[in-house]
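Structure record follows, encoded as structure tokens.
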Amino acid sequence: MTRTACAVQSVPAYQATQICVEFGVNAGDPFGVFDDLVMDDIYELSQARAPQRLGLMARPDGSFQVHRDTALGQPGATLHLDCAVTLMPDQGDSLEALVLVEVDGEGMIAEVYLVPQAPLAAQCGYRLVSARRDSARQVMAQMACVSFTRGTHITLGTGAQVQIEDLNPGDRVLTRNNGVQEVRWIGQTTTRAVGDMAPILIRAGALNNAHDLLVSPEHRLMVYQRSDEIGVGSAEVLVRARDLVNGDTVLVQDGGFVDYFQILFDRHYIIYAEGIAAESLLLDPMTQPAIPPELRPHLAQGQIHGARSDHGVEVSRTLIDRPDLVDLLRRASLR
């Protein structure tokens, strides 16, 4: 992790005033902070609405601020990660969410946000079944980690293709610019494949990949442009999987559960998954809590883990809003 680097993440959030207790001890009150929550209170979203984008910036000391690229909150304001909660809807599986608190210059609460792993349904009762502070950082880290799904083939230094769930620390993996590197850690999480946690399916051939690739939405793929088809002035570009979704060759695979695997090296590298150049886990202030405690001392001793900018220019759908973006990138990599 670089000594001065900040991690930036966008999360879908609701203002707490949009979600109030319909039945329970706190009837009529909006979603509150940990000390005000009462188990078994039933919350409802007042009217059908999609969550808005809350830009988060995690500083090296672990504190949070509202990032300048945000649809909610006051850019630069301090954010506190208050707690993680579990909500049980009238029908269906439980839903994990985070409670974030924005404070003003005097340290007073300016806004409370609920960040669920999937959008809430209007006029649906959500029973509060748990609230905890000790695991909130880990929940946020897991939401921020880039991950491959079970069955994804990773290219080893020998050229062999191994499913990610069969990799172990010490295995030697081929990287794009740094030769063969040893795996430091493989993590695994299982979550509902809904909302912001639903994986993105990149169909075979979409980016000249021989097989389907299924990754987490925030996962950056690296494309080498032989011709600058998208006009960013760089041959090497990084693009998030979610920004490639076109409803045809790149899709959101929503529903059920998904096994996510994180692969960590001593540095942030570009590796090969189903033949596509894709990033490994970037260790930063947002993702570090997902790492086992016994690994953290080694990885925090001034070690420079790298940055995404080491591997190309990062582009997003907001910069290049083209319905044919996937086709352009596929052609650019061939010409």
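The table that follows gives values for the structure above.
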quantity: The chain - percent of accessible surface contributed by carbon and sulfur, probe 1.4 Å; calculated: 47 percent
quantity: Length-normalised contact order for the chain - Cα pairs under 8 Å, 6+ apart - percent; calculated: 17 percent
quantity: Exposure ranking of F64, F257 by accessible area [1.4 Å probe, largest first]; calculated: F257, F64
quantity: Over the chain: helical MRE at 222 nm, DSSP H runs n ≥ 4 each giving -39500 (n - 2.57), nearest 500; calculated: -1500 deg cm²/dmol
quantity: Accessible solvent surface per residue of the range 102-241, calculated while the other protein chains remain in place, 1.4 angstrom probe, Å²; calculated: 42 Å²
quantity: Mean separation of Cα contacts under 8 Å, 6 or more apart, over the residue count of the range 127-216: relative contact order %; calculated: 22 percent
quantity: Which of S333, S216 is most accessible, then next, and so on - probe 1.4 Å; calculated: S333, S216
quantity: Rg and Dmax of the range 13-55, Cα atoms only, in Å; calculated: 10.9, 32
quantity: Descending semi-axes in whole angstrom, ellipsoid equivalent of the range 211-294, from the Cα gyration tensor; calculated: 24, 19, 11
quantity: Virtual paramagnetic centre 7 Å along Cα→Cβ of D35, amide N under 15 Å, in the range 124-165; calculated: 133
quantity: Zero-based 5 Å bins, Cα pair distances in the range 159-245, whole percents; calculated: 3, 10, 16, 20, 23, 17, 8, 3
quantity: Kirkwood-based Rg to Rh ratio, the range 103-215, C-alpha trace; calculated: 1.09
quantity: Three-way shape label, the range 189-335, alpha-carbon gyration tensor, a/c 1.5; calculated: oblate
quantity: Size of electric dipole in the range 17-165: Cβ of Lys, Arg +1 and of Asp, Glu -1, about Cα centre, debye, nearest 20; calculated: 660 debye
quantity: Three-way shape label, the chain, alpha-carbon gyration tensor, a/c 1.5; calculated: prolate
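The values are calculated or read from the model by the stated rules, or taken from the named source; none is laboratory data. Everything numeric here is computed off the predicted structure, so don't read it as measured data. Neighbour counts are summed over all protein chains in view; Cβ atoms, including those assigned to glycine, are modelled from backbone coordinates with ideal geometry. Side chains included, ligands, DNA and RNA excluded: accessible areas come from the protein's heavy atoms. Shrake-Rupley method; radii C 1.70, N 1.55, O 1.52, S 1.80 Å.
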